[in-house]
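The values are calculated or read from the model by the stated rules, or taken from the named source; none is laboratory data. Please read all numbers here as calculations on a predicted model, not as lab measurements. As a convention, Cβ positions derive from the backbone with ideal geometry for all residues, glycine included, and neighbour counts pool all protein chains shown.
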Amino acid sequence: MARAITVAVVDDDRMLLDGLRVRLDGVPEVLLAATARTVDGLPGPAGADGPDAGPVPYDVVLLDPVLGDGPRPPDDIRRLRAAGARVLVIGTVADRRRIVAAITAGADGHLTEDHDLRLW
């Protein structure tokens with residue numbers, strides 16, 4: 001059996017976090033390893049800067065581009081990518097400028113929050 005993909009979700013919308021937790025619970029190929037309301041709040045090295053920083057323990061981080069600690073998606077994306085995670089931005093609006101900025105900063109893709117989860 002193949003190793004499960006480890007996923008972390010960074011979003012300040014608790015309902016979205018709870019919904020993803022429920023949706024991914026029965027998917028054997030995916031392990032929801034962590035959720036956080038900010039990148040700094042992400043458990044493990046992904047939320048750490050300085051001497052404790054290191055590779056992230058997640059294969060993919062689903063990232064809300066507009067968090068309560070301020071809209072700084074390019075910085076968050078670069079930090080997560082530098083630590084070794086792939087980043088998939090999940091936003092409420094398909095704003096072309098934000099999508100281009102996220103991809104330019106290193107995001108691997110973009111989904112809107114109304115995306116059909118049955119495709120997973």
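The residue pairs whose first member lies in segment 19-31 and is in the same structural domain as residue 9 (by TED's automatic domain parsing), whose second member is in a helix (DSSP H, G or I), and whose beta carbons are closer than 8 Å, counting only pairs six or more residues apart or on different chains, are 23/117; 30/24. One residue stands out among those in segment 58-78 that are in contact with a helix residue (DSSP H, G or I) (Cβ under 7 Å, 6 or more places away or on another chain) and in a loop (DSSP other than H, G, I, E, B): the one that is modelled with the highest pLDDT, which is 58.
With respect to residue 52, is the statement that it is modelled with pLDDT under 90, of a type outside the set (A, V, I, L, M) and touching a Pro at 6+ places or on another chain (Cβ under 9 Å) true? Taking the combined requirement at face value, the residue satisfies it.
Scanning segment 19-35 for residues being closer than 18 Å to residue 65 by Cα and either touching a helix residue (DSSP H, G or I) at 6+ places or on another chain (Cβ under 7 Å) or at pLDDT 90 or above (or both) gives a total of 2. One residue alone among 104, 38 is under 13 Å from residue 9 (Cα atoms), modelled with pLDDT of 85 or more and not aromatic (Phe, Trp, Tyr), and that residue is 38.
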